[in-house]
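Let me begin by presenting the structure, written as structure tokens, before commenting on it.
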Amino acid sequence: MEQIREYYNKYKFQVHLGVLTFLFLINCFWGEFVFVSLGLAIFLIIISTFEDAFSILVFCIPFISIASPYSYSLYLVGVFTFVVKAYIKMYVHDKLKPSKYLIATLVIFILYLLIPFSPYNLNFFVKFVCLILLFLLLNIFLKYKDSIRLKYNVGILAISVFISSLFLFTYPFSLYLQNELTFYYSAGIPRFSALLPNPNPLAMICQIGLSILVAYIISKKAKPIDFWFFIIFATVGILTMSKTFIIVFTILLIILFFYALNTSPKTALVGIFSILVPLIFMLVLKNDFIMHYVNRFITGFLKDFSLTKILNIITTGRYMLWMDYINYLVANPLVLIFGRGLGAGLVSYESPHNFFITLIYNIGLIGVALFVLIIVAIIRVYRKNFTQKFNWAILIPFFVITLIMLVEDFFLFIRV
């Protein structure tokens, strides 16, 4: 018994992730079991160290839609629990003094969001909570940037993506997954989404994970295992058949290629290996995979060379959506200035799929100005913490996230 206790104390975090993995496997056959699996995750966030609590949140990301809508709600509870834990650490244990400027701007922003420009519906509530949590998390990340263990948690995310992808093999045996999951097809083959509702969120996860890994590779802080994480993200991302992923992945490969030219041949060989493994896997899985990609990404350009057509192909139809919302904002100056509210409905047949346009549509230019002021206020509080020489590689993840924000709404997606 004593040996078991010692083993548990030594590998506590790994044991916790192992238990969560087993519970998520049960979830693949029984949706309501999510109250046990994510309920345990919330409990572990409470009792774990600050560092491990954040890693548990990261590990759960690929499973957040395993029993929608309950899993989304429980995950938000987990995020809220982590935020409370972090602020207790910040203001009780570490005895930091809150910034009056930050509090003032946040309160003004909250009051502005509560102005009834739109109904107080579920759409409003989800966006409101996510916006507030976004600022609270940004404040935490900048204060405890070392404790967040970014590189370590990218590895945790890669492992979690790999596990959730393997769990999809339970689909033929699970009546629950057969009723819950929807497969999207492109060029005659299914787009891979693991346990997420559609391929795009999975592609976003892979893009962000790859961009962070590339930043560490260029900074010469990567370890051999990080290249395996690179292969996981690359393989899963290619399987999603996402155009945005292919564009981002190509940009990242070009960056790595020029980096390899200025470093050792060994690094270049490892990089080429990291690229060839997922491609070979795709060809083994389906020998005409490359041709399907050509049909999806290139054939459309050959039919029409007009700028509008090309933009629409690149953005998978999003360009027309952007123009619908931009035209609406131009035609309605009051909405452009004040926004239509977080609970506003659709203007076109779909949400804009552009974070910046959706943000202006929801909260207006005044709200966007307050949004930026809060970010500036948070950076002002911790600007003295950034004593190290600026590393240009850090711009890579920010660039990739900006690209994703151009084609996705994130949590601002309009649901009504």
Query raised in the report: When you go through (1) free of Cβ contacts under 8 Å to residues at least 24 places away in the same chain; (2) more than 17 Å from ILE148 (Cβ to Cβ) one by one for THR49, which number turns out not to apply?
Result: (2)
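ILE45 - would you say it is modelled with pLDDT of 90 or more, in contact with a Ser or Thr (Cβ under 6 Å, 6 or more places away or on another chain) and crowded, with 18+ Cβ neighbours inside 10 Å?
For ILE45, the condition - modelled with pLDDT of 90 or more, in contact with a Ser or Thr (Cβ under 6 Å, 6 or more places away or on another chain) and crowded, with 18+ Cβ neighbours inside 10 Å - is met.
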Query raised in the report: Which members of the range 329-370 meet the condition of being at positive phi and not in a helix (DSSP H, G or I)?
Result: GLY339, GLY341, HIS353
Report task. Restrict the check to the range 61-69 and report whether at least one residue is loosely packed, with under 14 Cβ neighbours inside 10 Å, under 21 Å from LEU342 (Cα atoms) and under 19 Å from the mean Cα position of the chain (by Cα). Result -> yes
Report task. Would you tally the residues in the range 182-213 being over 16 Å from the mean Cα position of the chain (by Cα) and surrounded by fewer than 19 Cβ atoms within 10 Å (Cβ to Cβ)? Result -> 9
Report task. With the condition kept exactly as written, say whether any residue in the range 318-326 is over 26 Å from PHE128 (Cα atoms) and modelled with pLDDT under 90. Result -> yes
Requested in this report: State which residue pairs qualify: first residue at negative phi and inside the range 97-114, second residue surrounded by fewer than 12 Cβ atoms within 10 Å (Cβ to Cβ) and among the small types (Gly, Ala, Ser) in any location, beta carbons under 7 Å apart, and separation of 6 or more residues or different chains.
Outcome: none
Query raised in the report: Is there a residue being touching a residue at least 40 places away in the same chain (Cβ under 8 Å), outside the structural domain of PHE63 (by TED's automatic domain parsing), in a loop (DSSP other than H, G, I, E, B) and buried (at least 20 other Cβ atoms within 10 Å of the Cβ) anywhere in the range 214-227?
Result: no
Report summary line: When (1) at pLDDT below 90; (2) in contact with a Leu (Cβ under 9 Å, 6 or more places away or on another chain); (3) surrounded by 18 or more Cβ atoms within 10 Å (Cβ to Cβ) are applied to ALA344, the one that fails is (2)
Report summary line: Looking across the range 236-248 at residues that are touching a residue at least 40 places away in the same chain (Cβ under 8 Å) and crowded, with 23+ Cβ neighbours inside 10 Å, the single one that is nearest to LEU157 (Cα to Cα) is VAL236
Report task. Please enumerate the residues belonging to the range 190-213 that are touching a helix residue (DSSP H, G or I) at 6+ places or on another chain (Cβ under 7 Å) and farther than 18 Å from ILE156 by Cβ. Result -> ARG191, PHE192, SER193, ALA203
Requested in this report: Kindly establish whether PHE109 is within 14 Å of ILE363 (Cβ to Cβ) and surrounded by 13 or more Cβ atoms within 10 Å (Cβ to Cβ).
Outcome: yes
Query raised in the report: Is the range 151-162 home to any residue that is assigned to a helix (DSSP H, G or I), modelled with pLDDT of 90 or more and closer than 11 Å to PHE29 by Cα?
Result: no
**Report entry** Members of the range 80-99 that are more than 11 Å from ASN139 (Cα to Cα) and assigned to a helix (DSSP H, G or I)
**Finding:** PHE80, THR81, PHE82, VAL84, LYS85, ILE88, LYS89, TYR91, VAL92, HIS93
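The values are calculated or read from the model by the stated rules, or taken from the named source; none is laboratory data. Bear in mind the structure is a predicted one, so any value in this text is a computation, not a measurement. Positions of Cβ are backbone-derived with ideal geometry, glycine not excepted, and every protein chain shown enters the neighbour counts.
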